[in-house]
Each structure stands twice: as C-alpha cells, then as structure tokens.
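Notes follow the structure.
The values are calculated or read from the model by the stated rules, or taken from the named source; none is laboratory data. Note that this is a predicted model, so its numbers are computed, not measured. So basically every Cβ, Gly included, is an ideal-geometry build from the backbone, and we count neighbours across all protein chains shown.
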Amino acid sequence: MRTLKAAVWMVVWSALALAVGGVAAAPPRVVSATPDNGDVGVDPGLTELVITFDQAMSRGGMSIVGGGESFPKITGKARWRSTRTILVPIEFVPDHDYWLSINNERFTNFRSVGGEAAVPYPIKFSTGPGGGAEGGGADAPDFGPSVDRLIELMGTAYSHRERLGLDWADELEARRGALEACGSPGAFGRRLATVLARAQDKHLWVDAGTERFGTFVRPQVPNANPGLLPRLVEGFERRSPAVVSGRLAGGRVGYLAIDTWDRAQREDIAHAFDAIWAMGDVEALIVDVRLNGGGDESLAQEVAGCFVDDEVAYARHVVVDPKRPDGFSEAYTRVLEPSTRRPKFRGKVAVLTGPVCMSSNEAFVLMMRAGGAVTVGAATQGSSGNPRPYELGHGVTVYLPSWRAMTLDGVFFEGVGLPPDIRVDAGPRGFEDADPVLERAVEALLDG
C-alpha cells in the first residue's frame, strides 16, 4: 500500500556539481523510455523503468516527478546501466493509468556531465490486466464503434495527422483490444487519452461525461525568471494578474508583459492599454510574452492593433476539408486591423519570445512582427490547432485540431515553432541573477 502524501513527488539524489564557464551545451533529451509515453497494455509485472538520454549524464542526481495514484511506486535505488541509460526499480498494478515526468520546470536534477538540465519528458501510459480479463462485465458499453469512428476521424478530421509519420489506423487497431475492454466511458476516455498521447499535441483531448483528459503534457522551461523581474525593471508595477509594466535603461525603454490571452481574463488584459497609454514618453517598448501560453486570438489582435496604422497581413492557415483531394482547404490569410479606439505606440518595439509561447500567442508574435517589431529570445513552441469536438458515443467526445497554421510565406510551424529575429542562447542558470533576453532587447532597441 502506498504512503504517498505529498502532492508532488520528487526523487533526488545528492547535489549536482554544475559546470561553470564556457558556452552552454545542448541540453540532454530522452530518446527512449520503457514504458514510453502513450503505451497501452503495459505488462504490470514489469519491474524497471528504463530511460535513455542522447548524451552522457551526470550520476549526481535525478528528478522523477509526479504525484498521487498516477505515480508508480519506486521500490529501490536506481542504477546507471551506462553513461546514458538509467534503470529505476518500479512496481505497477494492473489496469491502471500512470503519469510521471523526467525533470520538469522546477525539478531539474537529471543533468548532463556538463551540468545542463535535461529537457522535461512526460510519460503517460497504462498497464494491462494482471491475470483475469479486463473490462466491466456483460453490461459494459460496446466501444468497438467508437474505435471505428475515431479511426475514420484521425484520417480525415485531424489536421496534424501526418506530422509525426504515424499510421493512426494501425496505432488504434493495435490498441483496439485494450480500448474495447474498458468497462465505462470514463475508463475509455482515460485510456484513449493515453493512446492519443503519441500525437504529442496539446490541442487534442478527450471528454467523458464531466471529465476531461488531456492527451499530452510536455512542460516547457521558460527563458525567463519572473521572480527576478521586479529587481530588473524600474518602476515595476503589476497592473493586473495578466499585465506588468515598468521602465528600463533609465526610463528610455518601456516594458510591458502580458502573460495570457485567456478570454476569461479579458478585464485583466485590458490593463495593457493603460500601460501603452503611459508609454508616450519612451523611445522604445519591450513587449514580453515569454510566459504567455495563448488563449483568444481576437484579444491578441486588439493589443497588436495598437502598433499598426493600416491593415497588415500576418499569417495564413488551411482547414481540414475531406471533400478536397489533399484533405485541406485553400489557404486563408489572416489580417491585423488597427485598434482605432485604443492608444497607439509609434516608437520601436521588441517582442520577447520563448518556448512557453504557443497557440494564439504565436499568432500575436506574427502580428507584431508584421507590424515591424523585432523578436528577441528563443523559438516558440509550435502548437496551434483550433480543436473541434466529435462525438464517439457513450458520452465520449474527442477534440481534434482542425487547422494547420502557417507563417505569411506559407511555412508550417507545428512542432517547430517560430525562430526569433535575434536569438539569445541561455539555460536556466543564465536567469538566476540576470535576464540576457531582456538585456539583448534593450541593446537592439537603443543601438539599432
């Protein structure tokens, strides 16, 4: 019986000796795991979690993060089979859904021999039956037609079906037995979400009754330290839960951070207009959206419209259309219009970007770039979808992305992201006492 009481579990062994000086190396990444993300019907008798990285790792520590009943029981001390592969003794139970993460934004003790933290790698999977037949008995719903319907949808309605080169008919057929054996809509929804985790798509999820099951969670390490900003930004003011403003470079450069485009926070986001109005005396403005994961694109348009005087095209997209030979519509062009009833900013603008930026926030980055702003920082996440609901029966609904986003010149960026105009390479340690992205943006605005 487990005695897990903490909301978050972390397994850490000793302190790490971090490398100092020199240029930061590429962070290590997980290249394989057993069980791996999206696995279904994992043998509950499995006794080890096997993780392999793409480079030699420090043996000084590890972070296996998770919590609650979805976190497997660790039964002993992990051991390194090689410089890249670690074996963790694990105990599973049959017919159970599991979730854990190798590192996350906060716990980063899996590191390379050079001291670079491994990129977080979440693993969501489920075990199969242990001995007896799985399922809910004679009264269990028949999920066979639901699986058939999903196979059809994944081939016609899912906009990113070809991105990873997966044959979704084969993927779902291989797991049909485990899916059809589920004894309730909730169990089917949970298991289906685990199967669809292979899509690595944050805009794909499953609803079963009142429960919602996300299919993919890969936390991104931000290229920012929000706790440090009050020390770096002059006159730092949190105008609302979504908006921060201030000055830099002795008042010559304004600073505006917008942390969400969530429709539910429309009133919070509106404080950005007050901040823009107050920036009339600065030479240039930094708009920081490094911590913004998206929301409502129309809210992003309203803010971006403060920086243009005329209509400007900023992005394109195609929408799934099963009636067309290639399965997609002709490309639509999205246009930004000036926000006529909002304050205007006429000076130079830099937009700070990074790996947390996704969805409608990536659209905002494209709007600002189309309006003449320079982007500084790191590539965005590359995640957009406009998901639409599809009924699978028995109260289960799958939400599938319906479009493929493109830059104005027709480049798809799902899973790739938008590269910045000025790239700033800096790992988490680079933001402990400074903000190199912010510094480079000030430099570009005043020296450019």
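Yes/no matrix, rows are residues, columns are (1) within 30 Å of Glu162 (Cα to Cα); (2) among the polar types (S, T, N, Q); (3) out of contact with any helix residue (DSSP H, G or I) (no Cβ under 6 Å at 6 or more places or on another chain):
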{"site": "Ile286", "(1), (2), (3)": "no, no, no"}
{"site": "Pro322", "(1), (2), (3)": "yes, no, no"}
{"site": "Asp326", "(1), (2), (3)": "yes, no, yes"}
{"site": "Thr353", "(1), (2), (3)": "yes, yes, no"}
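Restricting attention to the range 226-239, which residues are within 30 Å of Ser101 (Cβ to Cβ) and surrounded by 17 or more Cβ atoms within 10 Å (Cβ to Cβ)?
Result: Leu229, single match.
Report the residue count in the range 28-42 for those that are among the aliphatic types (A, V, I, L, M) and surrounded by fewer than 17 Cβ atoms within 10 Å (Cβ to Cβ).
Selection size over the range 28-42: 1.
Check Val365 against each of (1) under 23 Å from His160 (Cα atoms); (2) β-branched (Val, Ile, Thr); (3) not in a helix (DSSP H, G or I) and name the one condition it does not meet.
(3)
Does Phe431 satisfy the criteria of being in contact with a helix residue (DSSP H, G or I) (Cβ under 9 Å, 6 or more places away or on another chain), within 30 Å of Arg106 (Cβ to Cβ), at pLDDT below 95 and buried (at least 16 other Cβ atoms within 10 Å of the Cβ)?
Yes: the conditions hold for Phe431.
Do we have Gly372 as touching a helix residue (DSSP H, G or I) at 6+ places or on another chain (Cβ under 8 Å) and in the same structural domain as Asp288 (by TED's automatic domain parsing) here? Steps first, answer last, please.
Values: touching a helix residue (DSSP H, G or I) at 6+ places or on another chain (Cβ under 8 Å): yes; in the same structural domain as Asp288 (by TED's automatic domain parsing): yes.
Taking the combined requirement at face value, the residue satisfies it.
Kindly indicate which of Val147, Val113 is outside the structural domain of Ala187 (by TED's automatic domain parsing) and at pLDDT 90 or above.
Selected residue: Val113, the only one of Val147, Val113 that is outside the structural domain of Ala187 (by TED's automatic domain parsing) and at pLDDT 90 or above.
Each row is one residue, and each column tells you yes or no for (1) of a type outside the set (A, V, I, L, M, F, W, C); (2) at pLDDT 95 or above.
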residue	(1), (2)
Gln220	yes, no
Arg252	yes, yes
Ile258	no, yes
Val289	no, yes
Glu302	yes, yes
Val312	no, yes
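How many of the residues making up the range 363-409 are among the aliphatic types (A, V, I, L, M), farther than 23 Å from Val335 by Cβ and crowded, with 21+ Cβ neighbours inside 10 Å?
6
For Arg334, are the conditions met, namely being within 26 Å of Ile269 (Cα to Cα), assigned to a strand (DSSP E or B) and in the same structural domain as Glu302 (by TED's automatic domain parsing)? Walk me through it before giving the result.
Values: within 26 Å of Ile269 (Cα to Cα): yes; assigned to a strand (DSSP E or B): yes; in the same structural domain as Glu302 (by TED's automatic domain parsing): yes.
For Arg334, the condition - within 26 Å of Ile269 (Cα to Cα), assigned to a strand (DSSP E or B) and in the same structural domain as Glu302 (by TED's automatic domain parsing) - is met.
Could you please find all residues in the range 46-78 being part of a strand (DSSP E or B) and either under 20 Å from Trp99 (Cα atoms) or touching a helix residue (DSSP H, G or I) at 6+ places or on another chain (Cβ under 6 Å) (or both)?
Glu48, Leu49, Val50, Ile51, Thr52, Phe53, Ile64, Val65, Gly66, Lys73, Ile74 - these are the residues of the range 46-78 that are part of a strand (DSSP E or B) and either under 20 Å from Trp99 (Cα atoms) or touching a helix residue (DSSP H, G or I) at 6+ places or on another chain (Cβ under 6 Å) (or both).
For the condition buried (at least 16 other Cβ atoms within 10 Å of the Cβ), touching a Pro at 6+ places or on another chain (Cβ under 6 Å) and within 30 Å of Gln220 (Cβ to Cβ), what is the one hit in Ser101, Ser126?
Residue meeting the stated conditions: Ser101.
Out of all the residues in the range 337-362, which are surrounded by 14 or more Cβ atoms within 10 Å (Cβ to Cβ), polar (S, T, N, Q) and part of a loop (DSSP other than H, G, I, E, B)?
As a first pass, look at the range 337-362 and keep what is surrounded by 14 or more Cβ atoms within 10 Å (Cβ to Cβ): 338-339, 342-345, 347-362.
Going one step further and asking which of them are polar (S, T, N, Q), we end up with 339, 353, 359-361.
Listed by number, the residues that qualify are Ser339, Ser359.
Being touching a residue at least 60 places away in the same chain (Cβ under 8 Å), touching a strand residue (DSSP E or B) at 6+ places or on another chain (Cβ under 8 Å) and part of a loop (DSSP other than H, G, I, E, B) is the filter here; which residues of the range 320-331 pass it?
Once the filter is applied, which keeps residues that are touching a residue at least 60 places away in the same chain (Cβ under 8 Å), touching a strand residue (DSSP E or B) at 6+ places or on another chain (Cβ under 8 Å) and part of a loop (DSSP other than H, G, I, E, B), the range 320-331 yields Gly327, Ala331.
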